[in-house]
Structures are given as C-alpha cells and as structure tokens.
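Encoded as structure tokens, the structure appears first; notes follow it.
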Amino acid sequence: ICAALGLDPQGSPLLRQGMTAEDLLRALLNNAQYTDAMALLACALPKREAVWWACVCAREIDPRPTPEDAAALDAAGRWVREPNDEHRRAALTAAEATGYATPGGLAAFGAFLSDGSLAPPDCAPVPPAEHLTARAVSGSVGLAAGLAAPEKAPKQYRLFVERGRDFA
C-alpha cells in the first residue's frame with residue numbers, strides 16, 4: 001500500500017515498523033493528512049468497495065448532479081452491482097462525457113480501470129496497472145469533499161474517510 005501511495009517506509013515520520021494499514025490511517029487522520037488518508041483507504045479497499053465509496057460520497061455532497069455526472073454515477077453503480085466488461089466499458093463512456101472532472105466521472109473511470117483491458121475490444125489486451133482504480137477513487141472522493149464550502153472542507157474530508165472506514 002505504501003508503494004502505491006508513494007510513501008517511503010523509511011522516510012515518513014508517521015510510518016513505523018509493523019504498522020497496519022489501520023494504524024497508518026489513524027495516524028494520518030490524527031495529523032489532518034486527509035488526502036493521504038483517502039489515498040490509503042482507496043488502495044486498501046477492494047476495487048468494487050472503493051468505487052462504491054466514491055459513488056456514495058459523490059451523491060452525498062451533490063444530491064442533484066448534472067445529467068452527465070448522474071449518468072457516470074449510475075454507470076459506476078451498475079459496474080459495482082454487476083462487474084462485467086460491458087458495464088466496465090459503459091463506465092468509461094460515462095466518465096469521458098464528464099471530462100473526468102467530476103466526482104461521478106472519476107468514480108466511473110475507477111470502475112473502468114479496475115480490470116480487463118484499456119485497449120479497445122478489437123485490439124490486443126492492455127491490462128491496467130493495479131493502483132489506477134485507487135487513484136481515480138481517491139480523486140473522486142477528494143473532489144467531492146472539496147466541493148463543500150471551504151470552511152467545511154476539513155470536516156467533510158474526515159467524514160468521507162470515516163465513511164470509507166465503514167466500507168472496510
């Protein structure tokens with residue numbers, strides 16, 4: 001998990017030998033390092049749960065998303081409920097429609113990056129790197145939290161991390 005996050009186990013003051021992911025998450029929260037906490041949780045969760053976490057956070061912060069973002073959230077949710085290649089590729093189409101610039105778009109992109117091939121169906125398979133879903137999910141959750149009023153953003157970041165812990 002630390003490698004996927006880009007954390008150096010020897011160089012981070014929060015990391016200790018034998019520390020669990022939960023220990024590190026608690027340390028990150030206690031030090032208000034919410035971005036790293038979201039990234040850690042996105043890496044630690046199974047991909048389906050991570051994408052669902054992103055969907056839940058996006059819907060909570062914006063109960064009336066744009067039509068494109070709503071379609072992306074719906075596509076990501078369909079993939080979570082039934083993770084097949086048809087739903088995975090539909091999630092990509094929905095993510096593209098958002099310009100990858102919305103919480104729903106990034107959640108849908110995370111679903112696409114979860115498995116299968118990045119190449120078109122008629123080309124040789126190109127598997128996604130293992131950490132890409134986590135990157136899209138942490139971006140989605142972070143963007144959703146950042147949409148809160150600036151004075152409420154730290155509380156929203158922490159709330160979303162706590163919600164993700166519930167998924168774990």
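What to note about this one:
- In the range 109-135, of all residues being in a helix (DSSP H, G or I) and touching a residue at least 40 places away in the same chain (Cβ under 8 Å), the one that is surrounded by the fewest Cβ atoms within 10 Å (Cβ to Cβ) corresponds to ARG135.
- Criterion (within 15 Å of the chain's Cα centre (by Cα) and over 23 Å from GLU162 (Cα atoms)) met by exactly one of ALA90, ALA50, ALA72, ALA58: ALA72
- Output for the range 11-40, where each listed residue is of a type in the set (S, T, N, Q) and closer than 20 Å to LYS155 by Cα: ASN30, ASN31, GLN33, THR35
- The residue of the range 48-63 that is least open to solvent (accessible area, probe 1.4 Å), among those that are closer than 11 Å to VAL137 by Cα and of a type in the set (D, E, K, R), is GLU49.
- Taking each residue of the range 21-50 that is under 22 Å from VAL80 (Cβ atoms) and looking for partners that are open to solvent by less than 50 Å² (accessible area, probe 1.4 Å) and not aliphatic (A, V, I, L, M) with beta-carbon atoms closer than 6 Å, six or more apart or interchain, yields MET38/SER138; MET38/GLY142; ALA39/SER138; LEU41/GLY164; ALA42/SER138; LYS47/SER114; LYS47/THR133.
- Sole residue being hydroxyl-bearing (Ser, Thr, Tyr) and either open to solvent by less than 30 Å² (accessible area, probe 1.4 Å) or modelled with pLDDT of 90 or more (or both), chosen from THR35, THR20, THR66: THR66
- Residue count for the range 136-157, restricted to those that are surrounded by fewer than 16 Cβ atoms within 10 Å (Cβ to Cβ) and assigned to a helix (DSSP H, G or I): 7.
- Qualifying residues in the range 69-108 (those that are open to solvent by 20 Å² or more (accessible area, probe 1.4 Å) and among the small types (Gly, Ala, Ser)) - the one farthest from ALA149 (Cα to Cα): ALA90
- For the range 109-121, the criterion of being modelled with pLDDT under 95, touching a Ser or Thr at 6+ places or on another chain (Cβ under 9 Å) and more than 15 Å from ARG48 (Cβ to Cβ) is satisfied by no residue at all.
The values are calculated or read from the model by the stated rules, or taken from the named source; none is laboratory data. It should be emphasised that the depicted structure is a prediction, and the values quoted were computed from it without experimental measurement. A quick note on method: Cβ atoms are made from the backbone with ideal geometry, for glycine too, and the neighbour counts reach across all protein chains shown. With ligands, DNA and RNA removed, areas are computed over all heavy atoms of the protein, side chains included. Shrake-Rupley method; radii C 1.70, N 1.55, O 1.52, S 1.80 Å.
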